[in-house]
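Down below is the structure, laid out as structure tokens.
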Amino acid sequence: MIKHLGLKAYGKINLGLDVLRQREDGYHQVRMIMQTVGIFDRIGLKREEEPGIRVETNLFYLPTNENNLVYRAADMLMKEFHITEGISIHLRKFIPVSAGMAGGSSDAAAVLFGINKMFRLGLSINQLMERGVKIGADVPYCILRGTALSEGIGEILTPLPPVPQCHVLIAKPGISVSTRFVYTNLHANELKPEQHPDIDGILDGIRKQDIRQIAGKLGNVLETVTIKEYPIIRTIKEKMMEYGAIGSLMSGSGPTVFGLFPDLKTAEKAYDHFRSEPDSKLAKQLYLTNFYNINSFERAKENQS
């Protein structure tokens, strides 16, 4: 019987994010290329004799009740499978919060994966993904991980070949962006053709394993809203390119910006620039990492602790 389990919940960036239209039910039909990166939260699960779900975090402002996705993920599986034992969830956050990197969704995905393993529920990856979409549109991808094409409202996923490895500099300015505000002000059905990113061009670059083609086609339709409201995002993108990135983009609805660098020396110099005056005030959080390309089908071979 598994009493303790340690898990890593990896963040993501969008190499391409297009919104095709707003559906009559209010949801947005998207076409996105998702990529896992090497920044992760740590989650500890512990079985308890006393029933109930207890959540602890290292960030005082995060909820520890049903308003936290890890709580909802545990609650969903425990109710479905009539688990009468309790579970303690210790969440240590490192992925920037409310940053367009799916940190909360990834945490929920890790809890679904962990409870399935801990209590031997026998759910397949696809069955976990079917349940995950009830918690959030990004949760199925966060269960899958790696490189993937995401369609529908985000729940239709097609695994892709791994993107060629490069260095990823991630910068989050000290602002918060409301995802609801961005989508409300997108007016998806009124977008001009030239405002849509070239998702097919990115897919072609992935097939050719050409990182420079991929970097040259990066695009996020949500920038049309977010950059207008928060011009610091454009400034960070411009600095990324000035310091040697071969491509730079806002991830998700923002405000996080990433730059792709083909060599470590250039990436480290860019990191140092963002840490030094006068650019040190642009990014409150700064990470230098890589793509993480192990998807869930290799996950059983991975040491999760």
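Details
- Some residue of the range 181-196 being out of contact with any Gly (no Cβ under 9 Å at 6 or more places or on another chain), small (G, A, S) and within 21 Å of Q29 (Cβ to Cβ): yes
- Any hit, the range 71-81, residues being touching an Asp or Glu at 6+ places or on another chain (Cβ under 9 Å) and farther than 23 Å from G154 by Cβ: yes
Residues are listed down the side, and each one gets a yes or a no for (1) over 19 Å from G16 (Cβ atoms); (2) assigned to a loop (DSSP other than H, G, I, E, B); (3) at pLDDT 95 or above:
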residue: G154; (1), (2), (3): no, yes, no
residue: V168; (1), (2), (3): no, no, yes
residue: I175; (1), (2), (3): yes, yes, no
residue: R180; (1), (2), (3): yes, no, no
residue: L186; (1), (2), (3): no, yes, no
residue: N189; (1), (2), (3): yes, no, no
residue: D200; (1), (2), (3): no, no, yes
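- Members of the range 152-166 found to be of a type in the set (D, E, K, R) and surrounded by fewer than 16 Cβ atoms within 10 Å (Cβ to Cβ), listed by number: none
- You will find that of I89, I53, the residue that is touching a Phe, Trp or Tyr at 6+ places or on another chain (Cβ under 6 Å), over 30 Å from Q195 (Cα atoms) and modelled with pLDDT of 95 or more is I53 and no other.
- For the criterion of being out of contact with any helix residue (DSSP H, G or I) (no Cβ under 6 Å at 6 or more places or on another chain) and surrounded by fewer than 14 Cβ atoms within 10 Å (Cβ to Cβ), K208 passes.
- Every residue from the range 205-214 that is free of Cβ contacts under 8 Å to residues at least 60 places away in the same chain and part of a helix (DSSP H, G or I): G205, R207, K208, I211, R212, Q213
- Tally, over the range 225-252, of residues that are acidic (D, E) and over 20 Å from S178 (Cβ atoms): 2
- Residue in the range 234-254 that is in contact with a Pro (Cβ under 8 Å, 6 or more places away or on another chain), in contact (Cβ under 8 Å) with a residue 24 or more places away in the chain, surrounded by 15 or more Cβ atoms within 10 Å (Cβ to Cβ) and under 19 Å from F274 (Cβ atoms) present: yes
The values are calculated or read from the model by the stated rules, or taken from the named source; none is laboratory data. Bear in mind that the values here come from a model prediction, so they are computed numbers and not experimental data. Neighbour counts are summed over all protein chains in view; Cβ atoms, including those assigned to glycine, are modelled from backbone coordinates with ideal geometry.
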